């Protein structure tokens, strides 16, 4: 394992401007054991990306466990950002930064086009993006993160990365999100009743975050998504079950 880790370290040093956490996210062939052997750090104050000395590669004493699992390449990038932010005690600041960038993208079509444009050379795009983020007063760590995304042509993943990062933050804070879908907007008393029922089954210390959606297609009833649970009590689903029963009996 040590030999593999040393080889990965040498390879990592050849990758210009790629932080160790994010380089690990990009390395599809690296085994988890070999990656965990890399004692790497992300210097949030100076925004320098650097690797541990070879002599330190055997021992990892600053491992940060994730509060929940996130998947795919976007999940790996989000986990890298969470780890760096956790160690620097900057998770809330990073969240605010991402919201500011998100709002800027929502308000500016030119900025959205810039983020998605694959024809801009990577280094030029990274430099231009850094200047834009400085004007927005985005923190050093978040700017560094966006720079790595630009250098690796991953800016198109930013929505998925942000969603995965928010999932990690919610788990860290003990927030449980419930999405309630109805055909028409719920009356306040009906919403309070559903909230009360959901709150009663939460673990101690958890906080319920409710999101409401209106979808006339479900006809009536309610659909509740909370955590990995999907509860479909809609009239639409009942109609579909009846239709399926009719098909099976004909």
If we keep only residues of region 219-233 that are farther than 15 Å from residue 190 by Cβ and in contact with a helix residue (DSSP H, G or I) (Cβ under 8 Å, 6 or more places away or on another chain), then the residue modelled with the lowest pLDDT is 226
Would region 196-205 turn up any residue that is surrounded by 12 or more Cβ atoms within 10 Å (Cβ to Cβ) and part of a strand (DSSP E or B)?
no
Please tell me if residue 70 is under 19 Å from the mean Cα position of the chain (by Cα), in a loop (DSSP other than H, G, I, E, B), without any contact (Cβ under 8 Å) to a residue 24 or more places away in the chain and assigned by TED's automatic domain parsing to the domain that holds residue 153.
no
Looking at (1) within 30 Å of residue 80 (Cα to Cα); (2) surrounded by 13 or more Cβ atoms within 10 Å (Cβ to Cβ); (3) touching a helix residue (DSSP H, G or I) at 6+ places or on another chain (Cβ under 8 Å); (4) not assigned by TED's automatic domain parsing to the domain that holds residue 118, find the lone condition where residue 237 falls short.
(1)
Taking into account only those residues within region 165-192 that are surrounded by fewer than 16 Cβ atoms within 10 Å (Cβ to Cβ) and part of a strand (DSSP E or B), which is modelled with the highest pLDDT?
179
Quick one: how many residues across region 127-140 are in a helix (DSSP H, G or I) and buried (at least 21 other Cβ atoms within 10 Å of the Cβ)?
2
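The values are calculated or read from the model by the stated rules, or taken from the named source; none is laboratory data. This one's a predicted model, so the numbers in the text were calculated from it and none came from an experiment. Note that we place each Cβ from the backbone using ideal geometry, even for glycine, and neighbour counts take in every protein chain shown.
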